[in-house]
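Encoded as structure tokens, the structure appears first; notes follow it.
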Amino acid sequence: KNEVEQSPQNLTAQEGEFITINCSYSVGISALHWLQQHPGGGIVSLFMLSSGKKKHGRLIATINIQEKHSSLHITASHPRDSAVYICAVDSRDDKIIFGKGTRLHILP
Amino acid sequence: EAGVVQSPRYKIIEKKQPVAFWCNPISGHNTLYWYLQNLGQGPELLIRYENEEAVDDSQLPKDRFSAERLKGVDSTLKIQPAELGDSAVYLCASSLGLGRGNTGELFFGEGSRLTVL
């Protein structure tokens, strides 16, 4: 079992839909990252959080430390949101553990 | 401010040839990472530097891979000799390194895509 699990692995939705991507982890962490990677592109940091909730534009990230779970939400999704979304955690032994990513495809 | 800069963006070589990748992290970032990413997979750590010290190189195939960060700023990753299975994207990332296991926000370069023929 991977230490960082994301679901779903793949998600196709219509433009305008509300999107939720989930991340569960099994190790103690000091922080969690949500990253975005467009096809053929580099990786961009969306959020780093250790508690509560953060919002940036149409993106919202939440984390529940007790339940070891985080979610990334996209409101009013748009085709340009199509990308791979990666959850990664800073483990307490100084390692970054990556999930396998969620491939999101937003149809116009 | 410039982000993490990597070069070359693309490299095609024949097997058994050497190749080198260069990374210039964001100014002031103590922590530098080299990752390997295969198509459809997440990044896999090759080596992590804190300043000029390699603090985690446990996943670096040391028979053919080497890396250095001599002055604690930019870094090079070398493969010699390259094998067919080394074809991948090599990503460099940097962070402030906040201590106590907290990396701080991660900044990635665009990656160097290696094709070994």
Practice problem: Only strands (runs of 3 or more DSSP E) wholly contained in region B:56-113 count here; list those with 2 or more residues that are touching a Leu at 6+ places or on another chain (Cβ under 8 Å), under 22 Å from A:Ile43 (Cβ atoms) and in contact (Cβ under 8 Å) with a residue 60 or more places away in the chain. | Solution: B:88-95
Practice problem: Could you tell me whether any residue of region A:85-93 is more than 11 Å from A:Cys23 (Cβ to Cβ), of a type in the set (Gly, Ala, Ser) and either away from every other protein chain (no Cβ under 14 Å) or surrounded by fewer than 17 Cβ atoms within 10 Å (Cβ to Cβ) (or both)? | Solution: no
Self-check item: region A:8-27, subset hydroxyl-bearing (Ser, Thr, Tyr), open to solvent by 40 Å² or more (accessible area, probe 1.4 Å) and in a strand (DSSP E or B), residue farthest from the other protein chains (Cβ to nearest Cβ)
Solution: A:Thr20
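Residue by residue, here is whether (1) touching a residue at least 24 places away in the same chain (Cβ under 8 Å); (2) under 10 Å from the mean Cα position of the chain (by Cα) holds:
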site	(1), (2)
A:Gly40	no, no
A:Ile43	yes, no
A:Ala61	yes, yes
A:Asn64	no, no
A:Ser77	yes, no
A:Tyr85	yes, yes
A:Ala88	yes, yes
A:Thr102	yes, yes
Exercise. Restricting attention to region A:67-107, report how many residues are modelled with pLDDT under 95 and either touching a helix residue (DSSP H, G or I) at 6+ places or on another chain (Cβ under 8 Å) or among the polar types (S, T, N, Q) (or both).
Key: 1
Quiz item: How many residues are touching an Asp or Glu at 6+ places or on another chain (Cβ under 8 Å), free of Cβ contacts under 8 Å to residues at least 40 places away in the same chain and of a type in the set (D, E, K, R) when one looks only at region B:1-52?
Solution: 1
Quiz item: Got a sec? Which of B:Lys15, B:Lys78 is more than 14 Å from the chain's Cα centre (by Cα), charged (D, E, K, R) and open to solvent by 70 Å² or more (accessible area, probe 1.4 Å)?
Solution: B:Lys15
Quiz item: For region A:28-68, how many residues meet the condition of being at the interface with chain B (Cβ under 9 Å from one of its Cβ atoms), under 19 Å from A:Asn2 (Cα atoms) and in a strand (DSSP E or B)?
Solution: 5
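The values are calculated or read from the model by the stated rules, or taken from the named source; none is laboratory data. These numbers were taken from a predicted model, which means no experiment stands behind them. Please note: Cβ atoms are built from the backbone with ideal geometry, for glycine as well, and neighbour counts cover all protein chains shown. Accessible surface is based on the protein model in full, side chains and every heavy atom, while ligands, DNA and RNA are left aside. Shrake-Rupley method; radii C 1.70, N 1.55, O 1.52, S 1.80 Å.
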